[in-house]
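The structure under discussion appears below in the form of structure tokens.
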Amino acid sequence: MEFECPNRTEVSQKFSQFVANPGIDTIEPNQISSKSLTEGVATKNLFPDSKPGKGVKLKGASKINSKKGIKAPVSALSQSSIPGDGVLDCGLSITDLPPALISEILNCLDPKDLGIVSCVSTIFQRVAFEHHAWKQFYCERWGLPTTSLVVDDDKSWKEIFMEREFRSKTFMGRYSMEVLYGHTEAVRTIFLLASSKLIFTSGYDSVVRMWDMENGLSVASSRPLGCTIRAVAADRKLLVAGGTDGFIHCWRAVEGLPHLFELRASQNQNTEVRLWGHEGPITSLALDLTRIYSGSWDTTVRVWDRLSMKCILVLRHSDWVWALVPHDTSVASTSGSDVYVWDTSSGDLMTIVHNAHVGNTYALARSHAGDFLFTGGEDGAIHMYEIVNDGYECKAWHVSTWVPHSAAVYSLAFEFPWLVSASSDGKLALIDVRNLLRTNKGAPGKRVSKIKHLDGDVAEPPQRMLHGFKINLFSVGIGADRIVCGGEEGVIRIWNFTEALEIERRVRTLRGIRLENRMRRRKLQTELNSKSGRTDQCSVAAKKNSVTCIWPNKRGISGKLKT
């Protein structure tokens, strides 16, 4: 039943606070009592136009339930009438909420929705444009910008994010191919250091070569290291190469050197060091800020301290180790056909995926946030797993499977949203994983799955296949609008997509110019019509034909018009 007010209704202090703050959309029943309604300020003083005998009614709301309280949306409260049909128009909106609360609301949106919100009004445009979530979006996908991508003080994080998102679309456009010659035998490993525009390669000829990514020239090459080099990794301070003799050769960066490392110098204790510890060939290497990770056919993964250059942890597997990828305090590795995830702080095994592939699991890649794993194996398939850690246990959930190759997948590389695979069939596959991810965030503080629930393991085929090699591809890298790979031919091929980026920028600029000219002509025409007293011909035509106009269909004029 509706709550009827007496002729002489009094408003309690709590109820007056509710009237003054209509943004609160729920009033519990204990906030309004019969006693409090007879004590306080008279309603006539608040609403002089009120008439006795009228009830409390909220537009757009149902009858008041004394058990569940009064519930109504904010818009209904702003339009609602308080006793006596006194209309209360406060004109409040979401922008009147505290900035911290608005920030929390916008933080629940994904990049697409946050961009839509910024188009609603100028106030939302300013709030959404400057929101800190854009930095979080960027870092989750690509990490902090490198020194080569200097963040301009005039640019906001939204502009930086949109520019990087735009660059990621160029891999579907036009490209040019460059071929680098220098190795005398097959190339087994490639590492692309995008922050310094350098490429490091090595293989059966036991020589580590450094290339300039921009002009494709060989910058430097090391002396022969005495055995096949199957793994190379680098950052701006350290370069490491692993050989089949079980050693890890390290070069420290030379301060002031344009290309960071002096590979041709004679062995110097200050800039070069060789680590021993593995009892079999080194198959994989990786670096982070404080550690070196190495995998070997001796069935172990060793973790080394970069400062002391000593082994601090040994992780033992059941078969040969083929690949590894570290992230934060965990490292994922492949051994035989299984995939392991280890906790490097304690050395405990977090989770294991048995028989991920039919045969050996050769390739492994990981997203920058560490929550997705990609594996490639001897069966030519590529699997995607989500790593879910709720604090009690860690699990690897299978997300999707692709089979783009007819032979073994030897290498994987990932840069959001593109996963690139290199196979012994001589082809590269480009897979866009965006369609598998959720478009909305979970509640703050709650760990939810980031993937969509698909029917079975059905996934879209690769968005693009790149050809050029006739025989085995052993390694691939992606970054700086380029894809680099090497194989049994002994050459390095670079697919350069910067041309597509330039073309797309010109198209976007021309589109903006056309739109600006169209709006300028429209505005000028409107001003001329207003001065001459003439109405807009387009508006007149639209009004005249809005009712009487009959649009012909594919079969011709309608039957009524013929009659």
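The values are calculated or read from the model by the stated rules, or taken from the named source; none is laboratory data. Only a predicted model underlies this, so the values are computations on that prediction, with no experimental measurement involved. As a convention, Cβ positions derive from the backbone with ideal geometry for all residues, glycine included, and neighbour counts pool all protein chains shown. Surface accessibility is based on the protein's heavy atoms, side chains included, excluding ligands, DNA and RNA. Shrake-Rupley method; radii C 1.70, N 1.55, O 1.52, S 1.80 Å.
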Checklist outcome for this item: With criteria (1) part of a loop (DSSP other than H, G, I, E, B); (2) touching a Lys or Arg at 6+ places or on another chain (Cβ under 9 Å); (3) hydrophobic (A, V, I, L, M, F, W, C), residue 325 comes up short on (1)
Checklist entry - Could you say whether any residue in the stretch 262-279 is under 25 Å from residue 379 (Cβ atoms) and in contact with a strand residue (DSSP E or B) (Cβ under 6 Å, 6 or more places away or on another chain)? => result no
Checklist outcome for this item: Being within 23 Å of residue 477 (Cα to Cα), in contact with a strand residue (DSSP E or B) (Cβ under 7 Å, 6 or more places away or on another chain) and surrounded by fewer than 19 Cβ atoms within 10 Å (Cβ to Cβ) narrows 371, 305 down to just 371
Item to check | Selection from the stretch 104-116 of residues that are open to solvent by less than 30 Å² (accessible area, probe 1.4 Å) and either in a helix (DSSP H, G or I) or farther than 14 Å from residue 131 by Cα (or both) | outcome: 106, 111, 114, 115
Checklist entry - Across the stretch 319-347, which residue is nearest to residue 271 (Cα to Cα) among those that are at pLDDT 95 or above and open to solvent by 60 Å² or more (accessible area, probe 1.4 Å)? => result 320
Checklist entry - Taking the stretch 493-527 as the search range and keeping residues that are β-branched (Val, Ile, Thr) and within 11 Å of residue 481 (Cβ to Cβ), which one is surrounded by the most Cβ atoms within 10 Å (Cβ to Cβ)? => result 494
Next on the checklist: Among the residues in the stretch 234-241, are any at pLDDT 95 or above and β-branched (Val, Ile, Thr)?
Outcome noted: yes
Checklist entry - How many of the residues making up the stretch 272-296 are surrounded by fewer than 18 Cβ atoms within 10 Å (Cβ to Cβ) and over 23 Å from residue 413 (Cα atoms)? => result 6
